[in-house]
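Everything on this sheet refers to the single structure shown next.
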Amino acid sequence: MRMTERITKAVIPAAGLGTRFLPATKAMPKEMLPVVDKPAIQYVVEEAVGAGLTDVLMITGRNKNALENHFDRVAELEYTLEQKGDTAKLQKVNESTELAQMHYVRQGDPKGLGHAVLRAEMHVGDEPFAVLLGDDIIDERDVLLTRMLDEQVARDATIVALLEVDPDSIHLYGAAEVEETDDPDVVRITGLVEKPAKEVAPSNYAVIGRYVLKPGVFEVLHRTEPGKGGEIQLTDALMEMAGDVEGTGGVYGVVFRGRRYDTGDKLDYIKAVVQLAADRDDLGADLRAWLVEFAAGLERG
Ligand code: G1P
């Protein structure tokens, strides 16, 4: 890729079954769970678009029709709101429709994140592209993806987002072994392990769900054997790329120090809703006042 060409494609894996949220996800994709009043997935698409990635490919599966519907027109509703002259609600309805150029492909067999990313090969072609995982929401006031895209172009390498986590949580993530660079926000990745036990984790740098990948990753994924959990792991493919700096340009991590919300498990999801609602102009003041009272009540027991 020439330095002047911009990355425009984002891939969002969304084929997971969402079993942690049963029964809510029995008939509805977990990506549609509302975070305040917007489905979690819309935050992620908005983040991609905000970074200039206007071509979005979602990797879906069975029971995911609601995702396609959410990013498409809904004529009856639009008509009704128009007749009523309710432009504020009409705008909310149209926001997700007009966001990006949406594309969909099904994963078929649920063989892991690496396998899901491989399903993007035809659509992506021979260009670098971003992968955004739906469980992570990055606060729109904090910069991450734009920085990663810039680093990808500048270094012609693979870029992942890293977050320093409590060592007790590292077993939930891909963990990175890193070397400093002369940029305090960027590290070179020398090793990666998918969900290691705390005792063997190379560091407490966790890979969070943002990647900017070179198209060479597809060739590596084709031959990546199932790893942790019997799944084809993106982490394992990236580990190989990290070791082959000559061939692939290596792998670098952009260290994120901003606000990130995890909607992937129940407790973190509840925290994300409360945190984001507490920051909202329309809800924040009332919610914060109530939270203080509620917390005081908890203290009193
Ligand atoms: C995936 C990746 C893992 C990464 C995590 C970030 O795991 O396999 O390396 O740290 O996303 O959220 P998952 O959470 O989908 O099990």
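The values are calculated or read from the model by the stated rules, or taken from the named source; none is laboratory data. Nothing here was measured: the structure is a model prediction, and the numbers come from that model. Glycine also receives a Cβ, built like all others from the backbone with ideal geometry; neighbour counts cover every protein chain displayed. These area figures cover heavy atoms from the full protein model, side chains too; ligands, DNA and RNA do not enter into them. Shrake-Rupley method; radii C 1.70, N 1.55, O 1.52, S 1.80 Å.
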Quick one: angle between helix 87-98 and the longest Cα principal axis of the chain, in degrees between 0 and 90, rounded to 10, please.
-> 20
For Arg106, list long-range residues whose amide hydrogen, built 1.01 Å from N in the peptide plane, is under 5 Å from its own amide hydrogen.
-> Thr60
What angle, in degrees between 0 and 90 and rounded to the nearest 10, separates the Cα long axis of helix 40-50 from the longest principal axis of the Cα atoms of the chain?
-> 60
Relative contact order as a percentage, the chain, C-alpha pairs under 8 Å and 6+ apart, gives 20
Ignoring ligands, DNA and RNA, how do Asp139, Asp150 rank by accessible area with a 1.4 Å probe, largest first?
-> Asp150, Asp139
Global geometry of the range 37-94, whether rounded, prolate or oblate, following the gyration tensor of its Cα atoms and the 1.5 cut on a/c = oblate
Applying 1/(1 + (r/R0)^6) with R0 = 45 Å to the Cβ-Cβ distance of Lys228 and Arg141, what FRET efficiency is obtained, to the nearest 0.05?
-> 0.85
Pop out the ³J(HN,Hα) list for the range 11-25 in order, Karplus 6.51 cos²θ - 1.76 cosθ + 1.60 with θ = phi - 60°, rounded to Hz; leave Gly and Pro as x.
-> 10, 10, x, 9, 9, x, 7, x, 5, 5, 10, 5, x, 4, 9
What spacing in nm lies between the two simple spin-label points modelled at Arg259 and Glu127, each 7 Å away from Cα in the Cβ direction?
-> 3.2
For Arg62 and Arg300 in the same chain, what is the full-extension length gain: residue separation times 0.36 nm, less their Cα-Cα distance, in nm?
-> 80.9 nm
Evaluate the distance, in nm, between pseudo-label points positioned 7 Å from the Cα of Glu5 and of Ala88 along their respective Cα→Cβ axes.
-> 4.6
In whole angstrom, how far apart do the alpha carbon centroids of the range 227-274 and the range 152-180 sit?
-> 7
If the chain between Arg20 and Asp150 were fully stretched, how many nm would it gain, using 0.36 nm times the residue separation less the Cα-Cα distance?
-> 43.3 nm
For the pair Lys38 and Ala278, how long in nm is the line joining their label points, each one 7 Å along Cα→Cβ?
-> 2.0
Residue by residue through the range 250-260, which ³J(HN,Hα) values in whole Hz follow from phi under the Karplus form 6.51 cos²θ - 1.76 cosθ + 1.60 (θ = phi - 60°), with glycine and proline marked x?
-> x, 10, 10, x, 9, 7, 8, 10, x, 8, 10
Taking every C-alpha to C-alpha distance in the range 156-301 and binning by 5 Å from 0, the per-bin percentages run 2, 9, 15, 17, 16, 12, 9, 7, 6, 4, 2, 1, 0
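Sum -39500 (n - 2.57) across every DSSP H segment of at least 4 residues in the chain, then divide by the residue count to get the 222 nm mean residue ellipticity, nearest 500. If you can, show how the numbers build up before the last one.
Details: 12 runs with 111 residues, N = 301.
Theoretical 222 nm ellipticity from helices: -10500 deg cm²/dmol.
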Val11 long-range amide H proximity, modeled H, under 5 Å = Leu57, Ala130, Val131, Leu132
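Kirkwood Rh, Cα Rg: Rg to Rh for the chain?
Details: Rg = 20.0 Å, Rh = 20.4 Å.
Here the Rg-to-Rh quotient is 0.98.
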Total formal charge among the other residues, if their Cβ is under 11 angstrom from that of Val220, Lys/Arg +1 and Asp/Glu -1 | -2
Could you work out how far helix 145-155 tilts from the main Cα principal axis of the chain, as a 0 to 90 degree angle to the nearest 10?
-> 20
Give the carbon-plus-sulfur fraction of the accessible surface of the chain in %, rounded to a whole number; probe 1.4 Å, heavy atoms of protein chains only.
-> 51
Once phi for every residue in the range 215-229 is put through the Karplus expression 6.51 cos²θ - 1.76 cosθ + 1.60 (θ = phi - 60°), the whole-Hz ³J(HN,Hα) values, with Gly and Pro written as x, are x, x, 4, 5, 4, 5, 5, 4, 10, 6, 6, x, x, 3, x
